[in-house]
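Before any comments, here is the structure.
The values are calculated or read from the model by the stated rules, or taken from the named source; none is laboratory data. Predicted model only: the values in this text are computed from it and were never measured. Note: ideal-geometry Cβ built from the backbone for every residue, glycine included; neighbour counts use all protein chains shown. Quick note on the areas: whole protein, heavy atoms, side chains included, nothing else; ligands and nucleic acids left out. Shrake-Rupley method; radii C 1.70, N 1.55, O 1.52, S 1.80 Å.
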Amino acid sequence: MAARRISSLLSRSLSASASFLLSRGKNPSRGRSIYRFITATALEEPITPPVQISYTQHFINGKFVDAASGKTFPAYDPRTGEVIAHVAEGDNEDVNRAVAAARKAFDEGPWPKMSAYERSLIMLRFADLVDKHRDELAALESWNSGKPYEQSAKSELPSFARLFRYYAGWADKIHGLTVPADSNHYVQTLHEPIGVAGQIIPWNFPLIMLAWKVGPALACGNTIVLKSAEQTPLTALHAAKLFQEAGLPPGVLNIVSGYGPSAGAALASHMNVDKLAFTGSTETGKIILELAAKSNLKSVTLELGGKSPFIVCEDADVDKAVELAHHALFFNQGQCCCAGSRTYVHERVYDEFIEKAKARALRRVVGDPFKKGVEQGPQIDSDQFEKVLRYIRSGVESNATLECGGQRFGSKGYFIQPTVFSNVEDDMLIAQDEIFGPVQSILKFKNVDEVIRRSNNTRYGLAAGIFTRNVDTANTLSRALRVGTVWVNCFDVFDAAIPFGGYKMSGIGREKGIYSLNNYLQVKAVVTPLKNPAWL
């Protein structure tokens, strides 16, 4: 379900040969820089991750269990393409078992009947266990997803624990209101848990996305059936074990591994699931919404694709802008829904920006994510690897200038060179489609009105970045851009309290912060007559 569909225009197979890439585009001579990049670095034998894979079964009703069918599917190391584990493959029967456990835990179990303070203590114990097991969780996350270990250990795992502490803090602060009425009635609103929440998470940030969904659902008193991405099932199962150790009652959190068309579809269309949350592609989000509507009309939260503009204004410090734009695009191998994948640069600083962006990309360290100092690991799998290379070919064929990169890195695994295109036009596929890879497309603009119009001329509306020294320009742009998040002179700031979500086809609803609690609550009005009230 979470697989991203590719435009039919890119369906041709790619022969990513050096001769092709160096012979096309507006400036073929730039290929010499690409060649030096290729020969300057070689991948060594992969480093053995400092962790054991201990959990590969579904987690249902507080126990690790095999798939009902007995089937398994492979989990891969994207550094090599080799199988590292065989994981239980869920289907309709496994989803039925998990939903039944969640329903019983909600209707009959202690979780929704616990005091909110007791629920918060369990969530806090879980966060403490995450801190204790941070190194092994980070290693497992990097091993299965290919992201740099330093990113997992120093950024994502602390954020993962912080998110659960944040939502633990909200658990005993969720309450309704007393509402004045025109007549002699006492009116109160109750904020009640919605019931069984189905959640489907993506492969690019497995643990972070788990926290964005599980945290608020638990704080509100719901029970959960979560389907992990088939590419990255391992850390969710390890987290389930820590929840068990923290004292989470059986059936409150159930995790099913499997493929989208089977397990994901079964969860989205299940009649006993009260709420659905999904993060993934816009195309799959449409399917999720349709399945939810055709079943029991369950409410749906969607966090979908993006093609975020990163706008560099004429007054920018170019060196700082280049570094921030580089991070906005290349972070997490470019596999980020809000990546600044349309870099709009004012014409007065465009040429300088191009040269410095190219130089920065050539300095980017690509290699084994477990090696210290590596900035970029492999793409998640062969499908994503080939998709990115097809988009690179499309950019070259569209006559954008390939400044650097554009080819496979090494001979094993799914590594791609950091790639920069200049002279990109808005009608090119690399400027329209979500590539989800290390491909920076740099476009030129003349004035603020023009860049507003062009930035908004997209089906997406997830995020945007602005780089300027002028507060008036920043205010004008931040209010005019049709996106859910605007970062001014920063990018990818994801504090637990900051809401995240998109306009247009980038999704429905918000995750994180106080706004995310609304996704997992029902509002009930209770009206009682008042006899001879002293006041109204």
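Charges were assigned to the Cβ only: +1 to each Lys and Arg, -1 to each Asp and Glu. The resulting dipole of segment 461-536 about its Cα centre is roughly 320 debye. Separation of segment 367-428 and segment 294-357, taken as the distance between their Cα centroids, equals 16 angstrom.
Please give the per residue accessible area of the chain, computed with a probe of 1.4 Å over protein heavy atoms only, in Å².
Details: 21200 Å² over 536 residues.
It amounts to 40 Å² per residue over the chain.
In this structure, the amide hydrogen of residue 461, modeled 1.01 Å from its nitrogen in the peptide plane, lies closer than 5 angstrom to those of 307, 503, 505, 506, counting only residues at least 5 positions away or on a different chain.
For residue 296, neighbours were defined as the other residues whose beta-carbon sits under 15 Å from its Cβ, and their charges (Lys and Arg +1, Asp and Glu -1) total +2.
Counting only alpha carbon atoms, the long axis of helix 206-219 and the longest principal axis of the chain meet at about 20°.
Quick one: putting +1 on the C-beta of Lys and Arg, -1 on the C-beta of Asp and Glu, what dipole do you get for segment 384-447 around its Cα centre, in Debye to the nearest 20?
Computed about the Cα centre, the dipole is about 280 debye.
Of the residues 48, 365, 478, the one whose Cα sits farthest toward the positive end of the charge dipole of the chain, with +1 on the Cβ of Lys and Arg and -1 on the Cβ of Asp and Glu, is 478.
First check a/c for segment 47-133, with a ≥ b ≥ c the square roots of the eigenvalues of its C-alpha gyration tensor; if it is under 1.5, answer rounded, and if not, answer prolate when a/b is larger than b/c or oblate otherwise.
oblate
Distance between the modelled labels on residue 399 and residue 172, one decimal in nanometres: 6.8 nm (7 Å Cα→Cβ projection). Quick check: the angle from helix 318-330's long axis to the longest principal axis of the chain, C-alpha only, nearest 10 degrees? It works out to around 60 degrees. Using alpha carbon centroids, what distance separates segment 67-118 and segment 208-242, in Å? Using only Cα atoms to place each centre, the spacing works out to 9 Å.
Helix 92-107 and the longest principal axis of the C-alpha atoms of the chain enclose an angle of approximately 50°.
Where a ≥ b ≥ c are the square roots of the eigenvalues of the C-alpha gyration tensor, would you call segment 267-416 rounded, which needs a/c under 1.5, or, failing that, prolate if a/b is larger than b/c, or oblate?
The shape class here is prolate.
3J(HN,Hα) along segment 507-515: x, 9, x, 10, 10, 6, x, 5, 5 Hz, from the Karplus curve 6.51 cos²θ - 1.76 cosθ + 1.60 with θ = phi - 60°, whole Hz, x for Gly and Pro.
What is the sum of charges around residue 101, taking Lys and Arg as +1, Asp and Glu as -1, for the other residues whose C-beta is under 12 Å from the C-beta of residue 101?
Charge balance near residue 101 sits at +1.
Around the Cα centre of the chain, unit charges on the Cβ atoms of Lys, Arg, Asp and Glu (plus for the first two, minus for the last two) sum to a dipole of about 460 debye.
The alpha-carbon of residue 531 sits under 20 angstrom from the alpha-carbons of these aspartates and glutamates, leaving out residues fewer than 8 places away in its chain: 182.
Applying a threshold of 32 Å to the alpha-carbon distances of 387/444; 286/320; 63/512; 71/504; 113/307; 307/356 flags 286/320; 71/504; 113/307 as lying beyond it. Only helices enter this figure: runs of n ≥ 4 DSSP H residues, each worth -39500 (n - 2.57), summed and divided by the residues of the chain, yield -10500 deg cm²/dmol at 222 nm to the nearest 500. Using the alpha-carbon positions of segment 87-229, Rg (one decimal) and Dmax (whole number) come out as 18.2, 64 Å.
The chain has equivalent-ellipsoid semi-axes of 41, 29, 20 Å, by the square roots of 5 times the alpha carbon gyration tensor eigenvalues, sorted largest first.
When 348, 408 are compared by accessible area of protein heavy atoms, the largest-first order is 348, 408, using a 1.4 Å probe. Solvent-accessible area assigned to carbon and sulfur over the chain amounts to 51 percent, based on a 1.4 Å probe.
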